[in-house]
Amino acid sequence: MIFVTNFIQQLRTAIEDYMIFLGKFSIFGYESVRLFFKKPYRMDQLVKHLEFVANKSIFIICLTAFFTGMVLSFQIYLGYKTINSENLVGPTVGLGIFRELGPVLTGLIVSARAGGAMAARLGTMRVTEQIDAFAVMGINPKQFLIGPRIIAALIAMPLLNGVFCFVAMLGAYFISVYLLNLDSAVFIDKLKVWLNPQHLNEGLFKAFVFGGLFGTICTYRGYHTKGGAKGVGEATNSGVVNSMVLIIVSDFFLTKMIRLFLVWTGL
Amino acid sequence: MNAIEIKDLRKTFDGEKYILDGITLNIPKGKITVIIGFSGTGKSVLIKHVLGLIRPTSGSINVLGTDIGLLNDEQMIRFRSHFGMLFQDAALFDDFTTIENVLFPIQEFRKDLSKEQKLEIAKLKLSQVGLSEEHYDKLPSELSGGMRKRCGLARAIALDPDILLYDEPTTGLDPVMTETVDNLILNTHNHNRESTTVVISHDLHAAFRLGDHIAMLDGGKVLLEGNAKTFFDSDIDLVQKFVAKGIKHE
């Protein structure tokens with residue numbers, strides 16, 4: 001009985017702590033984004049961070065996307081072949097990529113690459129008092145350091161998701177047509193029939209939300225780093241891990257919400 | 001006239017132990033005030049209150065005639081432009097070069113100046129702290145500890161602040177460099193006698209060399225304040241120990 005009571009107590013504390021974290025990081029994100037739209041505008045910082053988050057992620061996104069498209073096509077082909085439905089490989093891969101795998105994998109890759117770097121950079125700035133130096137100079141560190149990073153993640157993620165989906169479909173087309181000998185015209189025709197802009201929009205919306213999530217979590221963790229090098233390592237680690245978990249968990253709820261929205265609006 | 005007036009300042013983080021326990025201290029304008037004390041006596045917490053980085057549990061802080069407790073966060077951020085601060089490890093922006101570090105506050109707050117004028121001021125401040133042109137394009141990681149302090153000081157005085165704060169400026173430096181930094185503090189103050197200088201230190205020798213006014217903290221309170229003579233003449237046990245043992249911790 002005592003064991004059960006202790007377990008419930010610990011669970012309650014853990015949930016409370018997590019809810020407090022969610023609240024704090026939501027306020028932190030809101031405040032930083034709000035400050036970004038106040039003068040003095042930090043457009044130079046936004047461009048700098050966009051270049052880092054988006055441009056420097058393109059290669060790894062393309063590489064991952066191409067192989068994801070290929071392996072997904074191959075596995076689906078193996079399954080569909082048993083029921084003579086190989087013609088549906090293209091649209092099945094397309095739907096999976098555009099609605100789920102595109103935004104989720106883009107989110108995971110970019111949060112690990114750019115989010116981790118954000119947390120580490122800000123953590124280092126915190127422990128070396130550089131963030132305090134901004135504050136003492138009369139410059140709001142959230143406006144200068146955080147807002148542009150979150151906005152950059154929000155802008156970059158849908159763009160990178162678009163690139164991921166396009167390249168993944170190229171990979172799918174390549175393996176289906178050139179290695180599995182499926183008909184090219186059928187592949188494209190089925191895609192046109194099954195896929196519509198709504199599916200792309202769904203993925204872009206998810207990518208946008210994931211960008212906000214990892215941008216806020218990683219900057220929050222970095223900004224609130226305590227201790228020295230150990231603290232920076234912990235901030236980076238928790239920033240990336242929290243981002244990844246939240247991306248996967250929120251993907252489920254986002255999918256349900258989008259379904260409900262579509263039913264509600266009759267789209 | 002006082003630049004900073006602290007009245008019955010109390011601060012607790014956990015609701016039980018008071019880090020600052022009723023500090024009342026006046027920091028005179030245009031003078032060098034040195035705040036000394038052993039580690040953990042609340043010196044840094046006090047300075048963070050003066051900068052508005054921490055809000056007090058009770059008490060008031062008046063800086064240049066403004067009760068900073070009445071300012072909201074955004075007003076406080078703007079108000080901090082009255083301050084310049086040299087951090088313990090200089091806190092230079094590590095992806096900026098030396099000249100860019102000094103230029104940064106000028107670019108942020110002196111929009112009225114041309115690019116050339118801003119550069120001129122940055123170079124002037126760097127030469128004032130004795131950093132020659134060959135170091136202008138170096139990153140902080142390429143500078144020695146002393147040079148980083150100089151660059152940090154040049155950045156702190158870039159906008160000719162009303163109040164200049166030094167957080168343990170000589171901690172971890174060898175005796176020669178300590179003397180150099182002390183001289184730098186004196187020269188900087190003499191260069192602008194209007195500004196108020198506050199030095200946080202546990203180096204009593206430096207306090208006697210630099211301070212027009214010295215305050216010693218202990219247990220979250222001001223134990224003694226006055227000039228060097230006040231400290232030498234004091235019969236407070238802890239002060240006598242501090243004077244006798246210098247910077248050494250007990």
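A few notes on this one:
- Summarising the amide proton neighbourhood of B:Val198: residues at separation of 5 or more, or on other chains, whose placed amide H is nearer than 5 Å comprise B:Thr33, B:Leu164, B:Leu165, B:Tyr166.
- Using alpha-carbon coordinates, inclination of helix B:175-191 to the longest axis of chain B, degrees: 80
- The share of accessible area on chain A that comes from carbon and sulfur is 71 percent, using a 1.4 angstrom probe.
- Extension gain for B:Ala228 to B:Glu74 (0.36 nm times residue separation, less C-alpha to C-alpha distance): 51.5 nm.
- Across A:Lys206/B:Lys111; A:Lys48/A:Lys230; A:Lys142/B:Lys31; A:Lys230/B:Lys29, pairs whose alpha-carbon gap is larger than 31 Å: A:Lys206/B:Lys111; A:Lys142/B:Lys31; A:Lys230/B:Lys29
- Equivalent ellipsoid semi-axes - Cα gyration tensor, the stretch B:165-209, angstrom: 18, 11, 9
- Peptides B:156-167, A:136-147, A:11-22 ordered by average Cβ neighbours within 10 Å, highest first: A:136-147, B:156-167, A:11-22
- Rg to Rh quotient for the protein assembly as shown, alpha carbon positions, Kirkwood Rh: 1.10
- Note on B:Ser39 and A:Phe261: their simple-model spin labels are 5.4 nm apart, each label 7 Å out from Cα toward Cβ.
- Volume of the Cα convex hull of the stretch A:1-110, divided per residue and given in Å³: 178
- Long-range Cα-Cα pairs in the stretch A:69-217 (distance over 18 Å), rounded percent: 62
- Span-rule helices in chain A, defined as complete DSSP H runs reaching 20 Å or more along the axis (Cα) with Kyte mean at least 0.0: A:2-36, A:58-81, A:147-173, A:197-223, A:229-265
- For chain A, calculated [θ]222 nm from helices alone, where every DSSP H run of n ≥ 4 adds -39500 (n - 2.57): -26500 deg cm²/dmol
- Placing +1 on each Lys and Arg Cβ and -1 on each Asp and Glu Cβ, with no other charges, gives the stretch B:101-250 a dipole about its Cα centre of roughly 300 debye.
- Taking only the C-alpha atoms of the stretch A:148-228, the Rg (one decimal) and the largest Cα-Cα distance, Dmax (whole number), read 18.3, 60 Å.
- Violating pairs (Cα-Cα greater than 32 angstrom) within the set B:Lys138/B:Lys241; A:Lys38/B:Lys48; A:Lys226/A:Lys256; B:Lys7/B:Lys138; A:Lys56/B:Lys48; A:Lys226/B:Lys138: B:Lys138/B:Lys241; A:Lys226/A:Lys256; B:Lys7/B:Lys138; A:Lys56/B:Lys48
- Value of Rg/Rh across the stretch B:2-239 [Cα atoms, Kirkwood radius]: 0.97
- Helix B:115-128 axis, angle to chain B major axis (alpha carbon atoms, nearest 10°): 50
- In this Cβ point-charge picture (+1 for Lys and Arg, -1 for Asp and Glu), the protein assembly as shown has a dipole of about 1120 debye about its Cα centre.
- Summing Cβ point charges (Lys, Arg +1; Asp, Glu -1) relative to the Cα centre of chain B gives a dipole of roughly 300 debye.
The values are calculated or read from the model by the stated rules, or taken from the named source; none is laboratory data. Since this is a predicted model, take the numbers as computed values, not measurements. Note: ideal-geometry Cβ built from the backbone for every residue, glycine included; neighbour counts use all protein chains shown. Each accessible area value is taken on the protein alone, full model and side chains, heavy atoms only, with ligands, DNA and RNA left out. Shrake-Rupley method; radii C 1.70, N 1.55, O 1.52, S 1.80 Å.
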